[in-house]
Amino acid sequence: MTELVVKPQNSPDSPRGRVHTIHYELSYIKQGMIDPAQPVVVLLHGFPGAATQWQPVLPTLTKYPVLAFDMLGFGESDKPWPADVSVWGHADALNLALRDMGLQQIILVGYDLGGGVAQILATRLLPELVRGLVLISTPAYQNSYNPNWPLPDMEKQQDPELPMHTPVAQLADQLRQTLPQASANPSSISGATLDALVNPWLSDLGKELFYQQIRKLVPYYLNAVASDLDHLTCPTLIVWGEKDTLYPQQWGVRLNRNIPNSQMQVVRGAGHLILNDAPDAVARLVADFLAHV
């Protein structure tokens, strides 16, 4: 087994790597030694979020090496503005990146926005390479977002003129008030945990990137692959938070009904921020799935 080196300047011991795609570079957290011919787990985060959302889960995922990506505009990846950061835009960028890395057996694990991106990769762009699929509290069909999260009154937040009239401090206040409500235990989403979700957007560029992402949460972009879900052939695990009031369980039930060879697991006591509310439970479910893929 050999180490896949994408950028020569990366130390072999570095947990980070970068890969070129389209006009940009994507950053990823790397765990384990990558053999492109062998299975690799690819983790895709939510919005707002980054690859670091997966840190509590990584120690349990030991069967296969893992790449946790910062999608375009997030974390340490490039932050172009304007750019296509719709589910299709993210999927296009990842499709080229993963193919460039030579990966031949991919197990996709997508949470929230990342779950929507994973559906497009698994059904349209990478079906021949996807060996397994995990969808965690994900948008689906025509359900691209909750009307009042991650900001209140999301329809108004899609106004392209809004960023010019919204100070960064106002965006920060709105996020700090709204994001904890996605947890089953809102008081736990505070301090460094809340800062990790909010602070990346607290600059003029960050604000533009945030609203750009909101404008690209277009329902028919994801619904375009809805009819393809029943053609999936890879094993699929669907995970949902029992107390997720933002992305209702019936979305997951419908996915479970429409995707062949799928199973659904509900995590007790977890809200939509399931990676914060119950990281150990999610890690165990994903690890058990990987053991049988």
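Residues with amide H under 5 Å of residue 238's amide H, sequence separation 5 or more or different chain, H placed in the peptide plane at 1.01 Å from N; which?
Amide H neighbours of residue 238, under 5 Å, 5+ apart: 135, 263, 264, 265.
Rounded to the nearest 500, what is the chain's calculated 222 nm mean residue ellipticity when only DSSP H runs of at least 4 contribute -39500 (n - 2.57) each, over all residues?
-8500 deg cm²/dmol
Evaluate E = 1/(1 + (r/R0)^6) for residue 162 and residue 187, where r is the Cβ-Cβ distance and R0 equals 30 Å; express this FRET efficiency to the nearest 0.05.
0.50
Just name one of 249, 17, 209: the one whose Cα is farthest towards the positive end of the charge dipole of the chain (beta-carbon charges, Lys/Arg +1, Asp/Glu -1).
Farthest along the dipole direction, towards plus: 249.
Going by average Cβ density within 10 Å per residue, which order do the peptides 276-287, 88-99 take, highest to lowest?
88-99, 276-287
Could you list the square roots of 5 times each eigenvalue of the Cα gyration tensor of segment 215-272, that is, the equivalent ellipsoid semi-axes, sorted largest first and rounded to whole Å?
Calculated on Cα positions only, the semi-axes equal 20, 18, 8 Å.
How big is the Cα convex hull of segment 130-288 in projection, averaged over all directions, in nm²?
Over all viewing directions, segment 130-288 projects a mean Cα-hull area of 9.8 nm².
Rounded to the nearest Å, what's the spacing between the alpha carbon centres of segment 34-94 and segment 139-156? Just the number, please.
Centre-to-centre (Cα) distance: 22 Å.
Read the figures in this text as sums done on the coordinates, not as results from a lab. Values in this document were obtained by computation on a predicted structure and should not be read as measured data. Glycine gets a Cβ as well: all are built from the backbone with ideal geometry, and neighbour counts include every protein chain shown.
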